[in-house]
Amino acid sequence: MTADPARRNERSRRAILTATLELLGETGYSDLTIESIAARAGVGKQTIYRWWRGKGAVVLEALVDSTMAAAEPVALPDTGDIRADLRDVLRATVAEFADPKLSATTRAITIETLGDEGLAEQVRDQLLRPQLDAVKARLRAGQDAGQVRDGIDLDQAVELLFGPLYHRWLLRNGPLTESYADGVTDLVVAAIAK
């Protein structure tokens, strides 16, 4: 669990998060250690352990912090074409999974969440939920525009969109390509279209 942010020294916190991202880029997740983060940030490792429960929590906060600093709130484009908008989102997801460093970090955090419900909750709330809520909002706009059937469980529709991509990515049971994403998009849109 993360310590009360009000009790943290912001300069040290910023140095730790910056060091974490730099080291992730240089060494990858598997070689990242609390000791290396502390050394790069110029803090004692006890400071990191006091504020975060482990490596996964530090990495998660660094990723969320950098995402929030670099981007506006998550929103999907609404071109009026639900199929095209969803296709673009799934293609972007495929591109993110194709980035070796991002993919390795995401894979490692995913593994850590399996044994740490607190971290899993943080990942869901801070990383996944904003993205999934944006897709849900786009589907709701599709309902309002008459493109998506009323009465559809939008949470399930979002899972139908992303589930196959995550399944293929996690298990590596087939190529994860734009073509595959397009096929998933077509199947889901056929299932939910008015």
Margin query: Please verify whether residue 85 is surrounded by fewer than 19 Cβ atoms within 10 Å (Cβ to Cβ) and out of contact with any strand residue (DSSP E or B) (no Cβ under 6 Å at 6 or more places or on another chain), treating the condition exactly as stated.
Written below: no
Notebook entry, point to check: Exactly one of (1) of a type in the set (Val, Ile, Thr); (2) modelled with pLDDT of 95 or more; (3) within 18 Å of residue 157 (Cβ to Cβ) is unmet by residue 74. Its number?
Noted result: (2)
Check: What number of residues in the stretch 168-194 are closer than 19 Å to residue 106 by Cβ and surrounded by fewer than 13 Cβ atoms within 10 Å (Cβ to Cβ)?
Finding: 5
Check: For the stretch 22-46, which residues satisfy the criterion of being closer than 28 Å to residue 117 by Cβ, at pLDDT 90 or above and assigned to a helix (DSSP H, G or I)?
Finding: 23, 34, 35, 36, 37, 38, 41, 45, 46
Checklist line | Of all residues in the stretch 91-125 being of a type in the set (Lys, Arg) and modelled with pLDDT of 90 or more, the one that is nearest to residue 178 (Cα to Cα) | finding: 91
Margin query: Which pairs turn up if I take residues in the stretch 47-67 that are part of a helix (DSSP H, G or I) and among the aromatic types (Phe, Trp, Tyr) and look for partners that are crowded, with 16+ Cβ neighbours inside 10 Å and modelled with pLDDT of 90 or more with beta carbon separation below 8 Å, at least 6 apart in sequence or on another chain?
Written below: 49/34; 51/13; 51/16
Margin query: Filter the stretch 7-27 down to the residues that are in contact (Cβ under 8 Å) with a residue 40 or more places away in the chain and over 19 Å from the mean Cα position of the chain (by Cα) and list them by number.
Written below: 8, 16
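The values are calculated or read from the model by the stated rules, or taken from the named source; none is laboratory data. Fair warning: this is a prediction, and the values are worked out from it, not measured in the lab. Cβ sites come from the backbone with ideal geometry, for glycine too, and all protein chains shown count toward neighbours.
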